[in-house]
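Structure, as structure tokens:
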Amino acid sequence: MPLTITQESPDAPDAVLLINELEEHLDSFGYPKESRHGFSVEKLLREGVPFFVMRRDNIPVGCGGIKLFGTEYGEVKRMYIRPAYQGQGLGKAMLRHLADYAQQQHVPLLRLETGIYQVAAIKLYEGFGFRRRGPFGEYRDDPVSVYFEFPPCGSTRRSQK
């Protein structure tokens, strides 16, 4: 089963499909509006976020973007793997792709925010080597948010292949 990850516009049909599914999934947890930090398609475009769609056998199975803050860090945005494809290493493959993309842009550090109810995502991030940290950028302490960084401060990047 061939797996591809291609950079695409966030307003491409498959990207919109995946982002909408992610929104529906997150809506089911009842996060307060002020705790929802996901970028809309319009904001992904406006902010110039490089966005990637993952396909298996030409079927869209996941997506993710990375907002670059100069060469200081990149923030993982709108990462999602469809439920039927979870548990197959696709999340790790997308993280690896985003980390490699950041490195190619001379960005040594990835950060992200996720919700406390995203247990599978938290397990994925921690298993990949992300470590918890405090809020960064425009984020503030939020009881339903968890913040991560990779590689952890003071460590060298290890291969995830």
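Kindly provide the set of residues from region 42-63 that are aromatic (Phe, Trp, Tyr) and farther than 15 Å from Leu90 by Cβ, ordered by number.
The answer is Phe51, and nothing else.
From the residues in region 38-56 that are assigned to a loop (DSSP other than H, G, I, E, B) and modelled with pLDDT of 95 or more, which one is farthest from Gln103 (Cα to Cα)?
So, considering only residues that are assigned to a loop (DSSP other than H, G, I, E, B) and modelled with pLDDT of 95 or more, the one farthest from Gln103 (Cα to Cα) is Ser40.
Right, Tyr101: farther than 17 Å from Arg111 by Cα, surrounded by 14 or more Cβ atoms within 10 Å (Cβ to Cβ) and of a type in the set (Phe, Trp, Tyr) or not?
no
Say whether the condition of being among the hydrophobic types (A, V, I, L, M, F, W, C), at pLDDT 95 or above and either within 23 Å of Asn58 (Cβ to Cβ) or not in a helix (DSSP H, G or I) (or both) is met by at least one residue in region 24-37.
no
With the condition kept exactly as written, say whether any residue in region 139-150 is of a type in the set (A, V, I, L, M, F, W, C), surrounded by fewer than 19 Cβ atoms within 10 Å (Cβ to Cβ) and modelled with pLDDT under 95.
no
I'm told Leu112 meets every condition in (1) at pLDDT below 95; (2) among the hydrophobic types (A, V, I, L, M, F, W, C); (3) within 25 Å of Pro151 (Cβ to Cβ) except one. Can you identify the failing condition by its number?
(1)
Taking the condition without any contact (Cβ under 8 Å) to a residue 60 or more places away in the chain, surrounded by 13 or more Cβ atoms within 10 Å (Cβ to Cβ) and within 15 Å of the chain's Cα centre (by Cα), does Leu26 pass?
No; evaluated as a whole, the condition is false for this residue.
Just to verify a result, which residue in region 72-95, among those that are more than 11 Å from the chain's Cα centre (by Cα) and surrounded by 14 or more Cβ atoms within 10 Å (Cβ to Cβ), is farthest from His25 (Cα to Cα)?
Tyr73
Return the only residue of Pro13, Pro2 being modelled with pLDDT under 95 and out of contact with any Phe, Trp or Tyr (no Cβ under 7 Å at 6 or more places or on another chain).
Residue meeting the stated conditions: Pro2.
Cβ-Cβ distance below 7 Å, separation of 6 or more or different chains: which pairs start in region 43-54 with a residue that is more than 22 Å from Thr4 (Cα to Cα) and end on one that is aromatic (Phe, Trp, Tyr)?
Pairs found: Glu47/Phe39.
Looking at region 92-108, I want the residues that are touching a residue at least 12 places away in the same chain (Cβ under 8 Å) and on the phi > 0 side of the Ramachandran plot and have a partner that is surrounded by fewer than 16 Cβ atoms within 10 Å (Cβ to Cβ) and β-branched (Val, Ile, Thr) with Cβ atoms under 7 Å, at least 6 apart or on another chain. Which pairs are those?
His106/Thr71
The values are calculated or read from the model by the stated rules, or taken from the named source; none is laboratory data. As the structure is a prediction and not an experimental result, all values here were calculated from the model. Positions of Cβ are generated from backbone atoms using ideal geometry, with glycine treated the same way; all protein chains shown enter the neighbour counts.
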